[in-house]
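Encoded as structure tokens, the structure appears first; notes follow it.
The values are calculated or read from the model by the stated rules, or taken from the named source; none is laboratory data. Since this is a predicted model, take the numbers as computed values, not measurements. For neighbour counting, all protein chains shown are included, and Cβ atoms are generated from backbone atoms with ideal geometry for every residue, glycine included. Only protein heavy atoms, including side chains, enter the accessible area calculation; ligands, DNA and RNA are left aside. Shrake-Rupley method; radii C 1.70, N 1.55, O 1.52, S 1.80 Å.
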Amino acid sequence: MKNQHTLPVAIIGGGPIGLAAAAHLTLKEEPFILFEAGGSIGSNILEWGHVRMFSTWKYNLDKASRHLLEKTGWVAPNESSLPTGKDLVEKYLIPLSTISELKKNILLYAKVEGIAKKGLNKLKTVNRENSPFEIYVDVKGEQKVIEAKAVIDATGTWQSPNPSLSNGIWTKKEKELIEQIHYGIPDIVQEEDRYKNKTIMVVGSGHSAINSILYLAQLKKQFPQTKLYWVLRKQKVDEAYGGLETDELEARGELGTKMKKLVETNQLTVLTPFSIRELKKEGEKISVSGEWNSKEIVLHDIDELIVNTGFRPDLTFLDEIRIALDPAVESVKSLAPLIDPNIHSCGTVRPHGEQELRHPEKNFYIVGMKSYGRAPTFLLATGYEQVRSIVDYLTGDLESAKQIFLDLPKTGVCSSGIEAKLKSTGFEIDVNNQKNNSCCK
């Protein structure tokens, strides 16, 4: 058996958080291997590459990654400007992935199909902590088994959207309508012929839904026969607008302001609170059945659905790993109280580190968007701190792993009480001063 200490840390996912983990491990001179299922670094992000982010470059760059990039002569984008998804990949992630120390350890077209402890299924306990992980990976059609001493799952949730039904159930009828449903934010400019002069229903109340509607509103100006429905579950549509002019992320506030103006000028039909019960194909159209203001109604003649109801983590390849998830949020249990959208109405992201991200399986971590389960309030800066803390822990810097160095904007809607909550968990917090962050010394 190989000496487990000489084995690499396995990182699953080649997005911003996975690459940040790789950068931190590189600075610690710790071996790693990164698996990216797509043909490009950031392949999931490229699917929404046309969308402009509401957080500026300041909040989208990891410190360790930036440190490595600047050693190559790379110049950071203007920190106050807003990148698109494509910008994030092309101006940041791809240059980072081509740094020699990272590039040699990255595998593309590498889809992880299963993880286990060597020779042990989930039930077996004897010598479990001393056994390495076995990663089963399909690399361009060839199965490989890679051993690792730790696993960081940064696969995100993009490939696991929620369905349109309000109860979260995927139905056969919805799956049969897949050609007329887009999950996520479509590129309306590129798909103009698909949506122009059609009757389109957007489902969801978050920023993705608002973005989708704003793109469609531009299309409607050019093709006025385009008809828009906005279906959401909130009691009042005002609840979807967010912080508006008080939001510390200006672009996020502008989304709500523009959306409010569209609603007030009757550019679309708003149905809220609306709970979708059933989708049904009617010839070339879709009918949507549900409850609106306690009344059962059916909407006919829908041409296209755009579903922005969030995402859920894909846990299928973790069947033989011992993980402990909150039964509602589907995040690690200790994190759930800090991010549960049933409790926290504002979008402020709560900082946390390795200690809160631990699972029963020693040295296994879920990070990034996937670590939040079904909660929608994740920001990249939070993920960067997650992996910084985890890497410090894995490399023996236990005191640094306990500290949280995070500077995030508030929504302008409410305050979070972050300091009191985190202090009670034993974390040290420095939300303004990051000089002690060991990643870039």
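Summary of values
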item	result
Of Lys236/Lys285; Lys234/Lys258; Lys198/Lys236; Lys103/Lys149; Lys175/Lys236, pairs whose Cα-Cα distance is over 24 Å	Lys236/Lys285; Lys198/Lys236; Lys175/Lys236
Residue-level accessible surface for Thr125, protein heavy atoms, 1.4 Å, Å²	90
For the chain, share of DSSP beta bridges that run antiparallel, in % to the nearest 5	50
Anchor Lys117: aspartates and glutamates whose Cα lies under 19 Å away (excluding residues fewer than 8 positions away in-chain)	Glu129, Glu134, Asp138, Glu147, Asp153, Asp319, Glu320, Glu361
Over region 164-245, volume per residue of the alpha carbon convex hull, in Å³	112
In nm, spacing of pseudo-spin labels at Gln159 and Glu176 (7 Å Cα→C-beta vector)	2.8
Fluctuation leader among Arg388, Arg194, Arg233 - the chain, Gaussian network, Cα springs under 10 angstrom	Arg194
Residues Val189 and Ser81, FRET efficiency given R0 of 22 Å [Cβ-Cβ distance, rounded to 0.05]	0.60
Whether region 46-110 is rounded, prolate or oblate, judged on the alpha carbon gyration tensor where a/c under 1.5 counts as rounded	oblate
1.4 Å probe accessible area per residue over the chain, in Å²	46
Residue list for region 193-213, given a label point 7 angstrom along the Cα-to-Cβ vector of Glu264 and an amide N cut-off under 18 Å	none
Tyr92 - accessible surface, heavy atoms, 1.4 Å probe, Å² rounded to 10	0
Label-reachable residues, region 119-142, where backbone N falls under 17 Å from a point 7 Å from Ala324's Cα toward its Cβ	123, 125, 129
Value of relative contact order over the chain, rounded to a whole percent, pairs C-alpha under 8 Å and six or more apart	17
Ratio of the Cα radius of gyration of the chain to 2.2 N^0.38 Å, where N counts its residues	1.01
Convex hull volume per residue for region 1-142, taking Cα atoms only, in Å³	133
Among Asn78, Asn197, Asn60: highest mean-square fluctuation, GNM of the chain, C-alpha pairs under 10 Å	Asn78
Glu282-Thr316 pseudo-label distance in nm [points 7 Å out on the Cα-to-Cβ vector]	3.3
Computed [θ] at 222 nm, deg cm²/dmol, the chain (DSSP H ≥ 4; -39,500 (n - 2.57); rounded to nearest 500)	-6500 deg cm²/dmol
Estimated distance in nm for a label pair at Glu113 and Ser100, the labels positioned 7 Å out from Cα along Cα-to-Cβ	3.5
Rel. contact order, % - alpha carbon contacts under 8 angstrom, at least six apart, region 276-406	18
Under 15 Å, Cβ to Cβ, from Gly283 - net charge with Lys/Arg +1 and Asp/Glu -1	-2
Whole-angstrom gap from region 24-40 to region 134-184, using each part's C-alpha centre	21
Listed residues Asp153, Asp238 arranged by accessible area, highest first, probe 1.4 Å	Asp238, Asp153
Under the Debye formula (equal points on every Cα, no solvent term), log10 I(q)/I(0) of region 324-396 at q = 0.12, 0.22 Å⁻¹	-0.28, -0.92
Relative contact order of region 27-184, defined on C-alpha pairs under 8 angstrom at six or more residues apart (%)	22
Estimated FRET transfer efficiency (Glu142, Glu399; beta-carbon r; R0 51 Å; 0.05)	0.75
Dipole magnitude of the chain, debye to nearest 20 (Cβ charges: Lys/Arg +1, Asp/Glu -1, about Cα centre)	300
Alpha-carbon centroids, region 386-402 and region 325-343: separation in whole Å	22
Check: region 1-155 dipole with +1 on Lys, Arg Cβ and -1 on Asp, Glu Cβ, in debye	280
Net charge, Met201 excluded, C-beta distance under 12 Å - Lys, Arg +1, Asp, Glu -1	0
